[in-house]
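Student: Let me begin by handing over the structure; questions about it come next.
The values are calculated or read from the model by the stated rules, or taken from the named source; none is laboratory data. Since the structure is predicted, the reported quantities are computational estimates derived from the model, not experimental observations. We place every Cβ from the backbone using ideal geometry, glycine too, and count neighbours over all the protein chains shown. Please note that ligands, DNA and RNA were not included when accessible areas were found on the heavy atoms of the full protein model with its side chains. Shrake-Rupley method; radii C 1.70, N 1.55, O 1.52, S 1.80 Å.
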Amino acid sequence: MSLSLADTVGKVRPSKTLAVAAKARELREQGIDVINFSAGEPDFDTPQNIKDAAVKALQAGQTKYTAAGGTPELKKAVQAKLQRENGLTYTASQIIVNAGAKHTLFTLFQALLNDGDEVLIPAPYWVSYPDMVTLLRGKPIIIPTEAENNFEITVEDLQKYLTPRTKVLVLNSPANPTGSVYSQEKLQALADFLVDKNLYIVSDEIYEHFLYDGARFHSIAQLSEKIRAQTIVVNGVSKAYSMTGWRIGYAAGPENVLKAMTVIQSQSLSNPTSIAQAAAVEALNGSQSAVDKMLKAFQERRDYMCQFLLTIPGITCRCPQGAFYAFPDVSALYGKSCQGRKINNSEDLAELLLTAAHLAVVPGSGFGADNYIRLSYASSLENIRQGLARLKDFAAALI
Ligand code: PMP
Ligand code: GLU
């Protein structure tokens, strides 16, 4: 008997962010004092009004299947959010709610991709984009970007990488892991080139609210009616409302795409958790004060982290304008050794930082950028102080 798995399984890597987070958790459970800079989630509790809404829904018996694409109440709240915050008008049939934005993206790629369809993904990228595309038999086409250009793609890049097989371009601003935020002018230049081209734009806007030093958020979908017709906006409540465990994400876009996603969801998930949907209604419709509070804390932590990183010899770092990650270039440390082990790449560095300095970071290799590591500042200022001191001592002790 030779029982085999699907061919695609062998081509997909486990999520690097989740793997490091799991390892850090494991060491902590063993009683090791690990400082965790791997977390891709705010360290704040979910705001009380949101938890109360979930309890109320539970007690009111909202414990049954809902409409596959999301409850009418939540779709309405998403509609109102997109109108209020982004000036984007969608009907209920142009919206879907899924089990987290990661699941939204997966369902979306399921709806869009045929075998061999090319998906343009600017690097550094969020870990899951290329692997999702591979899993669905599409072809991830990576567009490299440079720190000097704020890790942004240009029209020249698009001209170079666009082929007749290109089906989708993924944009993520503010970006994970680089923290880059596209200005309106830069987005407009991309939109002018992309308009009427035969491809979809997937705009992952999950870090929309995490902006620093006066940076402004713009969605490419806002730039014209025509570009909006090619764009699927992806967002969710995980980051803005510190609701990562609740698993609610959503998308808005052309009706045929959203209908296809809803059919797929009806045959796969059935519906996102009813109670989590009720909580997400409160997150979107209720007081937004928790978002502002969180943002103030993140600004302070970001400033501290960026300034400190600049004091570590061998490390260079741009100060990110958005999201909650610093993404320093650590390649000057490669070739050096720690405890007799040579550091050849970001994986070696991350592993040694964890075992020798008890500091968990995500290696840049997972984001398609091996010269870098990702440090999340979704952690208390005290943790950040201690973690960065460990990093500095570690770097100074390398020979
Ligand atoms: N997109 C990006 C860029 C992310 O960093 C994340 C965080 N994991 C997601 C999507 C998915 O978020 P979630 O599934 O928690 O809604
Ligand atoms: N988006 C977060 C991160 O990049 C959460 C983990 C994940 O879903 O990959 O760390």
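Student: Can you give me the angle between helix 255-266 and the longest principal axis of the chain, using Cα atoms only, in degrees from 0 to 90, rounded to the nearest 10?
Tutor: Approximately 80 degrees, to the nearest 10.
Student: Related question: Considering only DSSP beta bridges with both partners in the chain, what is the antiparallel share in %, to the nearest 5?
Tutor: Working: 17 of 37 bridges.
Roughly 45 percent of the beta bridges in the chain run antiparallel, per DSSP.
Student: Something else about it: Divide, for the chain, the radius of gyration over alpha carbons by 2.2 N^0.38 Å, where N is the residue count.
Tutor: On the way: Rg = 21.1 Å, N = 399, 2.2 N^0.38 = 21.4 Å.
Ratio of Cα Rg to 2.2 N^0.38 Å: 0.99.
Student: Still on this structure, I have one more. Restricting to Cα atoms and excluding each atom paired with itself, what does the Kirkwood estimate give for segment 335-399 in Å? Before the final figure, lay out the partial values.
Tutor: On the way: mean 1/r = 0.0826 Å⁻¹.
Kirkwood hydrodynamic radius for segment 335-399: 12.1 Å.
Student: Turning to a different aspect of this structure: Give a residue-ordered list of calculated ³J(HN,Hα) values for segment 273-278 (Karplus: 6.51 cos²θ - 1.76 cosθ + 1.60, θ = phi - 60°; whole Hz; x for Gly, Pro).
Tutor: 3, 4, 5, 5, 5, 4
Student: Another one. Averaged over every viewing direction, what's the projected area of the C-alpha convex hull for segment 248-303? Give it in nm², one decimal, please. Intermediate results must be reported in sequence, preceding the final value.
Tutor: Working: hull surface 23.4 nm².
Mean shadow area of the hull around the Cα atoms is 5.8 nm².
Student: Same structure, new question: What is the set of long-range amide H partners of Leu120 at a cut-off below 5 Å, with H atoms built 1.01 Å from backbone N?
Tutor: So Leu120 has HN proximity to Ile141, Lys167, Val168, Leu169, Val170.
Student: Here is a further query. Please work out the Kirkwood hydrodynamic radius for segment 156-276, using every pair of different C-alpha atoms, and report it in angstroms with one decimal place.
Tutor: On the way: mean 1/r = 0.0631 Å⁻¹.
That comes to 15.8 Å for segment 156-276.
Student: Once neighbouring chains are kept in place and the probe is 1.4 Å, which whole percent of the accessible area of segment 162-257 is contributed by carbon and sulfur? Please report the intermediate quantities before stating the final value.
Tutor: Working: 1580 of 3210 Å².
That share works out to 49 percent.
Student: Can you tell me the 0 to 90 degree angle between the C-alpha axis of helix 184-194 and the longest principal axis of the chain, rounded to 10?
Tutor: 60 degrees
Student: So, one more: Just to be sure I understand: with springs between alpha-carbon atoms less than 10 Å apart, which residue in Thr71, Thr244, Thr63 has the highest mean-square fluctuation in the Gaussian network model of the chain?
Tutor: Thr63
Student: Moving on to the next point. Would you mind pulling out the separation of the Cα centroids of segment 108-159 and segment 223-301, in Å?
Tutor: Going from one Cα centre to the other spans 21 Å.
Student: Take Ser93, project a point 7 Å from its Cα along the Cβ direction, then tell me which residues of segment 230-255 have their backbone nitrogen under 12 Å from it.
Tutor: The answer is 255, whose backbone nitrogens lie closer than 12 Å to the label point.
Student: Rounded if a/c is under 1.5, else prolate if a/b is larger than b/c, else oblate: which is segment 210-366, with a ≥ b ≥ c the root eigenvalues of its Cα gyration tensor? Intermediate results must be reported in sequence, preceding the final value.
Tutor: Values: a/c = 2.08, a/b = 1.83, b/c = 1.14.
The shape class here is prolate.
Student: Further question on the same structure: Need the full-extension length gain, Arg13 to Arg84, defined as separation in residues times 0.36 nm minus the C-alpha distance. One decimal, nm. Provide the component values of the computation, followed by the final result.
Tutor: On the way: separation 71, 0.36 × 71 = 25.56 nm, distance 3.85 nm.
Separation in residues times 0.36 nm, less the Cα-Cα distance, equals 21.7 nm.
Student: Report the percentage of all Cα-Cα pairs in segment 30-172 whose separation exceeds 17 Å, rounded to a whole percent. Kindly include the intermediate steps, with their values, before the conclusion.
Tutor: On the way: 7564 of 10153 pairs.
Counting pairs separated by more than 17 Å, the tail of P(r) holds 75 percent.
Student: Between segment 26-74 and segment 323-348, what is the separation of their alpha carbon centroids in Å?
Tutor: Cα centroid to Cα centroid, the span is 34 Å.
Student: Can you tell me the length gained on complete extension of the stretch Asp45 to Glu300, counting 0.36 nm per residue apart and subtracting the Cα distance?
Tutor: Full-extension gain reported as 90.0 nm.
Student: What are the ³J(HN,Hα) couplings of segment 12-22, residue after residue, when phi is run through the Karplus curve with 6.51, -1.76, 1.60 and θ = phi - 60°? Round to Hz, x for glycine and proline.
Tutor: 9, 8, x, 4, 5, 4, 5, 5, 5, 4, 5
Student: Further question: What is the extension gain from Lys56 to Glu347, computed as 0.36 nm multiplied by their sequence separation minus the C-alpha to C-alpha distance, in nm to one decimal? Can you show the working numbers first?
Tutor: Values: separation 291, 0.36 × 291 = 104.76 nm, distance 4.56 nm.
Net length gain for the segment: 100.2 nm.
Student: Any idea what the dipole of the chain comes to, in debye rounded to 20, about its Cα centre with Lys/Arg Cβ at +1 and Asp/Glu Cβ at -1?
Tutor: On the way: 39 positive and 39 negative charges, 123 e Å.
Here the size comes out at about 600 debye.
Student: Calculate for the chain the 222 nm mean residue ellipticity that helices alone would give, adding -39,500 (n - 2.57) per DSSP H run of length 4 or more and normalising by residue count, nearest 500 deg cm²/dmol. List each step's numbers first, then the result.
Tutor: On the way: 13 runs with 157 residues, N = 399.
Theoretical 222 nm ellipticity from helices: -12000 deg cm²/dmol.
Student: Which log10 I(q)/I(0) values, to two decimals, does segment 304-353 give at q = 0.20 Å⁻¹ under the Debye formula with one point per Cα?
Tutor: The Debye formula, applied to the Cα set alone, gives -0.73.
Student: Using a simple spin-label model with points 7 Å from Cα along the Cα→Cβ vector, what separation in nm is obtained for Glu73 and Leu3?
Tutor: Label at Glu73, label at Leu3, 4.4 nm between them.
Student: Per residue, how much accessible area does segment 224-369 have with a 1.4 Å probe, in Å²? Please report the intermediate quantities before stating the final value.
Tutor: Working: 5380 Å² over 146 residues.
Per residue, segment 224-369 has an accessible area of 37 Å².
Student: OK, next. Just grab the label-to-label distance for Gln288 and Lys197, each label 7 Å out from Cα along the Cβ direction, in nm (one decimal).
Tutor: The modelled label-to-label distance comes out at 3.2 nm.
Student: So how tilted is helix 346-357 from the main axis of the chain? Cα-based, degrees 0 to 90, rounded to 10.
Tutor: 60 degrees
Student: Sorted by average packing, counted as other Cβ atoms within 10 angstrom per residue and highest first, what order do 229-241, 266-278 take? Display every interim value, and only then the final one.
Tutor: On the way: 229-241: 24.6, 266-278: 17.5.
In descending order of packing, they fall as 229-241, 266-278.
Student: Let me ask something else. Can you tell me how segment 283-399 classifies by the Cα gyration tensor, rounded, prolate or oblate, using a/c under 1.5 as the rounded cut?
Tutor: Prolate, since a/c reaches 1.5 and a/b exceeds b/c.
Student: Could you tell me what fraction of 2.2 N^0.38 Å the Cα radius of gyration of segment 1-68 comes to, as a two-decimal ratio?
Tutor: Working: Rg = 19.8 Å, N = 68, 2.2 N^0.38 = 10.9 Å.
So the Cα radius of gyration is 1.81 times the expected 2.2 N^0.38 Å.
Student: May I pose another question? For q values of 0.10, 0.18, 0.22 Å⁻¹, compute log₁₀ I(q)/I(0) with the Debye formula on a Cα-only model of segment 90-199, without solvent.
Tutor: Listed by q, the Debye log ratios stand at -0.30, -1.00, -1.38.
Student: Something else: Short version: ³J(HN,Hα) in whole Hz for each residue of segment 155-167, in order, from phi by Karplus 6.51 cos²θ - 1.76 cosθ + 1.60 (θ = phi - 60°), x for Gly and Pro, what are they?
Tutor: 4, 4, 4, 4, 4, 6, 9, 6, 9, x, 8, 5, 10
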